[in-house]
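Student: I am attaching a structure below and will ask some questions about it afterwards.
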């Protein structure tokens, strides 16, 4: 025969486990909702950044971005061509006269920004103050 204290302990443990499962499910649902909201916010930020970038591109750059997912800029001091790709890092290709990549560069504003904002900052930096941009850039030969 089962002791009354043991039965009470088993019932109490079962109750605690049931409560833990219910609490765990509720926490998982809350975290999932928070993750979904964060993903929607990032998506809106990415969309806004892309629109802003496109407003700053020349028609030729906009066509390149649409067709190839990159666009080219001309350095303000050297006249060199650079290709900016939508990658999180090492996304700037320095091109030679024939369009072949000779080096890869990386520089970006601080903070967690959408890729479109990073690409716009890189475009403006190379087109207006190429020496300063390359002075802080990390690069390697292709």
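The values are calculated or read from the model by the stated rules, or taken from the named source; none is laboratory data. Model, not experiment: these values are computed from the prediction. Methodologically, a virtual Cβ is constructed for each residue, glycine included, from the backbone with ideal geometry; neighbour enumeration extends over all protein chains shown.
Student: Kindly indicate the residue of the stretch 75-107 that is within 23 Å of the chain's Cα centre (by Cα) and part of a loop (DSSP other than H, G, I, E, B) and also modelled with the lowest pLDDT among those meeting that condition. Show your work before the answer.
Tutor: Keep residues of the stretch 75-107 that are within 23 Å of the chain's Cα centre (by Cα), which gives 82-94, 103-107.
From what's left, part of a loop (DSSP other than H, G, I, E, B): 85-91, 107.
On the way: 85: 98, 86: 95, 87: 90, 88: 78, 89: 86, 90: 94, 91: 96, 107: 92.
Out of the qualifying residues, it is 88.
Student: With respect to residue 110, determine if the residue is within 29 Å of residue 44 (Cβ to Cβ), surrounded by 14 or more Cβ atoms within 10 Å (Cβ to Cβ) and either under 17 Å from the mean Cα position of the chain (by Cα) or in contact (Cβ under 8 Å) with a residue 60 or more places away in the chain (or both).
Tutor: Numbers: within 29 Å of residue 44 (Cβ to Cβ): yes; surrounded by 14 or more Cβ atoms within 10 Å (Cβ to Cβ): no; either under 17 Å from the mean Cα position of the chain (by Cα) or in contact (Cβ under 8 Å) with a residue 60 or more places away in the chain (or both): yes.
It is false that residue 110 is within 29 Å of residue 44 (Cβ to Cβ), surrounded by 14 or more Cβ atoms within 10 Å (Cβ to Cβ) and either under 17 Å from the mean Cα position of the chain (by Cα) or in contact (Cβ under 8 Å) with a residue 60 or more places away in the chain (or both).
Student: When you check residue 53 against the structure, is it in a helix (DSSP H, G or I) and at pLDDT 85 or above, yes or no? Explain how you work it out, then say what you get.
Tutor: Working: in a helix (DSSP H, G or I): yes; at pLDDT 85 or above: yes.
Criteria met by residue 53.
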